[in-house]
Amino acid sequence: TKYGELRGDALFNTGITVEIDTSMHTAILTIKDFHDDILRTMYHQKFKDVISECFKQIQKHQVEHLILDLRNNQGGELKNGVTLLSNLLATPFKVLESYSKVDIKNYQIPMARLKPASGVALGVHIPFPENYTGKLYVLINGGSFSNSAIVCSALQRYNRCLFIGDETGGNPSVIAAGGKYINLPNTKTKVLVPNLQYELRSKSQYSVTGLLPDYPIKPTLDDILAGRDPVLLYAYQLIKEHQP
């Protein structure tokens, strides 16, 4: 059973979908984007409402194995990531250690370039009462940026899931955000200059890579041409190994 069917418009209701395989007590929850405006304008969906319905279906069908597909999800509103995590984590949790912003007055002094800032995602968050407690497998790749990396970092911090796929594009320790676009004078290339920093882990836990999967699986050109999804197939392989 699939929730989030196509309706006329090829993109309608497909930004967030959940597909349930009752024979294997398994569900695939695909989240293509966390941006409210993109979900609204491209997919005609509201994150909070759709996620709530998805997890109602997951609970209704007594799903034991949930595959969360965050591949090529470029991020979006942090509050949506917190909402998702509130459905997946069983204990109070943290998403960020701190916010910082660029201090223009002291920008030339490396140690004083950033100053503390406030933000809505700081502190401890409380899980929803009817949260999902079954097995969780998260599919990731180099297109998993920003809020996708933040969600993955939190899931890794609390040892909640197995990661399958390729290294995330976003760093699990620290992420730049905000800022404004400028056009470079010679090439006219449009670049984003961030002015915010999200610290996801303490400095002693900083990583110089993206989040690395527990099971590295990368589709080959032959897989792509044949329409195969070896990452998803590997997740199903792991699930079958846990079947009685």
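The values are calculated or read from the model by the stated rules, or taken from the named source; none is laboratory data. These numbers were taken from a predicted model, which means no experiment stands behind them. As a convention, Cβ positions derive from the backbone with ideal geometry for all residues, glycine included, and neighbour counts pool all protein chains shown. Accessible surface is based on the protein model in full, side chains and every heavy atom, while ligands, DNA and RNA are left aside. Shrake-Rupley method; radii C 1.70, N 1.55, O 1.52, S 1.80 Å.
Would you please name the residue that is surrounded by the most Cβ atoms within 10 Å (Cβ to Cβ), looking only at residues in the stretch 23-60 that are among the charged types (D, E, K, R), in contact (Cβ under 8 Å) with a residue 40 or more places away in the chain and assigned to a helix (DSSP H, G or I)? Going through the qualifying residues, I end up with Asp36.
For the stretch 153-172, which residues satisfy the criterion of being in contact with a helix residue (DSSP H, G or I) (Cβ under 9 Å, 6 or more places away or on another chain) and acidic (Asp, Glu)? The one that is in contact with a helix residue (DSSP H, G or I) (Cβ under 9 Å, 6 or more places away or on another chain) and acidic (Asp, Glu): Asp166. Take the stretch 176-193 and flag every residue that is under 22 Å from Asn147 (Cα atoms) and hydrophobic (A, V, I, L, M, F, W, C). Within the stretch 176-193, Ala176, Ala177, Val191, Leu192, Val193 meet the criteria.
Hey, which of the strands (runs of 3 or more DSSP E) in the stretch 140-222, taking only ones fully inside, have at least 2 residues that are more than 12 Å from the chain's Cα centre (by Cα) and aliphatic (A, V, I, L, M)? Working first, answer last.
Numbers: elements: 162-165, 174-177, 180-183, 190-193, 196-199.
Filter on the stretch 140-222 gives 162-165, 174-177, 190-193.
For the stretch 67-102, filtered to residues that are of a type in the set (Val, Ile, Thr) and crowded, with 17+ Cβ neighbours inside 10 Å, the residue that is farthest from Ile20 (Cα to Cα) is Val102.
Checking the structure you have, find out if any residue of the stretch 103-111 is open to solvent by 30 Å² or more (accessible area, probe 1.4 Å), among the hydrophobic types (A, V, I, L, M, F, W, C) and not in a loop (DSSP other than H, G, I, E, B). Please lay out each step first, then the result.
Here is the first cut: in the stretch 103-111, the ones open to solvent by 30 Å² or more (accessible area, probe 1.4 Å) are 104-111.
Keeping just the survivors that are among the hydrophobic types (A, V, I, L, M, F, W, C) gives 104, 109, 111.
With the extra rule that they be not in a loop (DSSP other than H, G, I, E, B), the set shrinks to 104, 111.
Yes: the stretch 103-111 contains one or more residues that are open to solvent by 30 Å² or more (accessible area, probe 1.4 Å), among the hydrophobic types (A, V, I, L, M, F, W, C) and not in a loop (DSSP other than H, G, I, E, B).
Residues that are within 30 Å of Ile67 (Cα to Cα), in contact with a Lys or Arg (Cβ under 8 Å, 6 or more places away or on another chain) and free of Cβ contacts under 8 Å to residues at least 24 places away in the same chain within the stretch 182-221 comprise just one, Pro219.
In the stretch 194-207, which residues are within 18 Å of Val151 (Cα to Cα) and surrounded by fewer than 16 Cβ atoms within 10 Å (Cβ to Cβ)? Ser202, Gln205, Tyr206, Ser207, listed by residue number.
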